[in-house]
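Student: Below is one structure. I have some questions about it.
The values are calculated or read from the model by the stated rules, or taken from the named source; none is laboratory data. In this text the structure is predicted, and so the values were computed from the model without any measurement. Here the Cβ is made from the backbone with ideal geometry for all residues, glycine too, and neighbour counts use every protein chain on show. Areas reflect the complete protein model, heavy atoms only, side chains present, ligands, DNA and RNA absent. Shrake-Rupley method; radii C 1.70, N 1.55, O 1.52, S 1.80 Å.
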Amino acid sequence: MKVDISFQSLLEAISSLESSEKHQLWELLEAELFSDDEDSAEDIAEIQAARADYKAGDYTTFDQYAAQRANRSASLTSSSHLNLCKNS
């Protein structure tokens, strides 16, 4: 079904939406505009899950990741050094 709505009316309607509704509209438009036959249902589900995690704040920045790696490397080096000293 095609509905005849002016673009200006559409813009006004969109601007009156709540943030969550705008996000839903964005996802719908993204799916319509960038539909990719190569994306499986599993790929799409993983992408949506990742977006939900990001929106919920469940992510690690690169700086946090780098700091965690540095801490792990330092603790591994320390424990390796201790093991070497015990074995000597």
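Student: Mind grabbing the accessible area of residue 4 for me, 1.4 Å probe, Å², rounded to tens?
Tutor: 150 Å²
Student: Please compute the per residue accessible area over segment 1-47 with all protein chains in place, 1.4 Å probe, rounded to a whole number of Å².
Tutor: Working: 4430 Å² over 47 residues.
Accessible area per residue, segment 1-47: 94 Å².
Student: Among 41, 19, 57, which residue has its Cα positioned farthest towards the positive end of the charge dipole of segment 15-58, with +1 placed on the Cβ of Lys and Arg, -1 on the Cβ of Asp and Glu, and the dipole taken about the Cα centre?
Tutor: Checked the options; the winner is 19.
Student: What is the distance, in nm, between label points placed 7 Å from the Cα along the Cα-to-Cβ direction at residue 18 and at residue 35?
Tutor: 2.9 nm
Student: Please give, to one decimal in nm, the separation of the simple spin-label points placed at residue 76 and residue 5, each 7 Å out from Cα toward the Cβ.
Tutor: According to this spin-label approximation, the distance is 5.5 nm.
Student: Ignoring any ligand, DNA or RNA, what whole percent of the accessible area of segment 25-76 comes from carbon and sulfur when the probe is 1.4 angstrom? Working shown, then result.
Tutor: On the way: 2520 of 4650 Å².
Roughly 54 percent, rounded to a whole number.
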